[in-house]
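Remarks on the structure that follows.
The values are calculated or read from the model by the stated rules, or taken from the named source; none is laboratory data. Just so you know, these numbers come straight off a predicted model, no measurement behind them. With ideal geometry, Cβ positions are generated from the backbone for all residues, glycine too; neighbour counts draw on all protein chains shown.
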Amino acid sequence: MLVSEGLRKRYAEVCALEGFDLTVEPGEVVGLIGHNGAGKTTFLEIASGLTRPDGGRVTVCGLDVTRQPRQVRALLGVAPQELALYPRITVREHLRLFGRMAGLRRAALRREVDTVTQEMMLTEQLDRRVAELSGGQRRRAQTAIALIHRPPVLLLDEPTVGADPATRDALLAAVRSRATEGAAVCYTTHYLPELERLRASIAIIARGRVVARDTGQRLLAGLPSELRVRLQQPETVAVAERAGWQLVADELRMSTCTPGPDLAELVGRIGPGDLASVVVRPPTLDDLYQRLAAGVSDAG
Amino acid sequence: MFTDQQASLRSVPGAAVSRQGRRVPGAARRLVALIRHDALLMRRDPGPIISRLCMPVVLMVVFEPLYRSTMRIGPGGSAAVEAAPRVLVMFSMFAISTVGAALLSERTWRTWSRLRATPARTWEMLLGKAVPLLGVLLVQQALVIGTGFAVFGLRVASGVVVLAVAGLAWALCILACGALAATFARTNNQLSSITDVSGLLLSSLGGAVVPTALMPGWLRVVTPLSPAHWGVQALQGALLGRTGDALVAAVVLVSVAAVLGSLACWRINRGWGHPELL
């Protein structure tokens, strides 16, 4: 279990974290979302012991990251945002090194190397040097290093950046599988459908703190749906525009929390025979994120 | 959950148990893993190591007659006792850049931060990197002294143990210099500038290029400021049978290594390894 309480961190004039509170339970995947500079990576760096906080604390399975860093690091699987691999050594040699550093030996190490390479679809690349791998394969190798010792807490910082769909699928399946085994997973991403696939709960980060924390469904509950309507007779578009609808290409669109009444009102104005098609697009995490990026949402 | 893993970690001798029933592997095991890893990195890029092993041997063969005439050594004597320590000290100064480059590469690959996210301590990571290089430096010394013995009749008057102590002390000092140099460089060019200038300056000043006896008086006063001076003293003392001088110089070198190594650790702990600071 990962707990952050009142975490604070400043870099010169920039406040990276200001009262950052977050709890990730065993078996839970928490997706950290927020615009660039919101504090996601700073939090993960503090949680993994790479950066010292100015205030507050992070505990991993009850151990304080600052006071018992080595014990904590043995419990963490970390995949940093940037690739951190040795170009001249093979995937197997990477996995052996980091497995040994976490205390794996002999048969257990061999078993975990085999398991994680299968999970990450790296079996054929196992004895190839990193410099010879494609970007997606490197990304998978980076995540495999985080998973090799089956840590109870995983910190994954945008692990699918630049990954192709196959890489993404493998990675998400492996992360979901580790969460099912009981790992607490902290996962940052800008690809929000990934969080839906991971069945992750979501923490929205803004101005260095968690401003909303809930399941995706609940966070989306207050967001408007989008109504998209096509009309059979284009001359009635002007009537709809006067009622607050926007014409985008050949479609009328309206963002609304009450799609039923708004559609009924439109039908009342133009008549039911004029509707060619109606689509109600429910809010997505992307919508939530767009609002956040635009500085609209305080969501919580 | 995690039962296999816990069983595996529990089987690690000397490991400390965390509250989760997991064992943090002992420093010795981590160190062995790091040493194996750094030796592997070195094997994968052997060019600089090979040149640094071969060149001092070649240069000693060239320098021996030079020292013989400069130092006015008669036909019966061996100038290898002058040439070998100086060539060794001069060439091992180049190892400062090897150590620095090894550390700087970790930083540019961002693997230093990745290693810091493991249970390894800073000194373990530095030692893991230093031990294979220490091996190379000791092989370099053995090759030069061995060539001196086989070709020029060089004798180790204080015995092999004293020579080994002197060589080890000098190698440790070089490694610490390299580690510290790396913490001041942000690019390979910066590192080259630092190591080229400091290497040439310190080896010249320390009497590794021109014997101290041939230097002007005012320069001789400052030679002890260079670790190279103590390197030459330690190695030459062991070869000439001046055991006391050799051991005093070795103590000075180990002290310098301890200070520089601690400074390097301090700078690294202050966030040097963070790639954003490049």
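Some points to look at:
- Test set (1) in contact (Cβ under 8 Å) with a residue 60 or more places away in the chain; (2) facing chain B (nearest Cβ under 10 Å); (3) acidic (D, E) - A:D21 fails condition number: (2)
- Residues of region A:5-34 satisfying the condition of being buried (at least 23 other Cβ atoms within 10 Å of the Cβ) and over 19 Å from A:T215 (Cα atoms): A:L7, A:A16, A:L17
- Residues (polar (S, T, N, Q), outside any loop (DSSP other than H, G, I, E, B) and over 15 Å from A:I148 (Cα atoms)) located in region A:175-195: A:T180, A:T188
- Listing of strands (runs of 3 or more DSSP E) fully contained in region A:1-114 that carry 2 or more residues being over 20 Å from B:W112 (Cβ atoms): A:2-11, A:14-24, A:29-33, A:55-60
- Residues of region B:26-72 satisfying the condition of being of a type in the set (K, R), in contact with an Asp or Glu (Cβ under 9 Å, 6 or more places away or on another chain) and touching a residue at least 60 places away in the same chain (Cβ under 8 Å): B:R30
- Looking only at region A:86-117, residues that are hydrophobic (A, V, I, L, M, F, W, C), surrounded by fewer than 21 Cβ atoms within 10 Å (Cβ to Cβ) and more than 7 Å from chain B (Cβ to nearest Cβ) come to 2 in all.
- Selected residue (criterion: farthest from the chain's Cα centre (by Cα)) from residues of region A:249-270 that are surrounded by fewer than 12 Cβ atoms within 10 Å (Cβ to Cβ) and more than 18 Å from A:P282 (Cα to Cα): A:G268
- Within region A:35-51, the residues that satisfy the criterion of being facing chain B (nearest Cβ under 9 Å) and either modelled with pLDDT under 90 or surrounded by fewer than 18 Cβ atoms within 10 Å (Cβ to Cβ) (or both) are A:G49, A:L50, A:T51.
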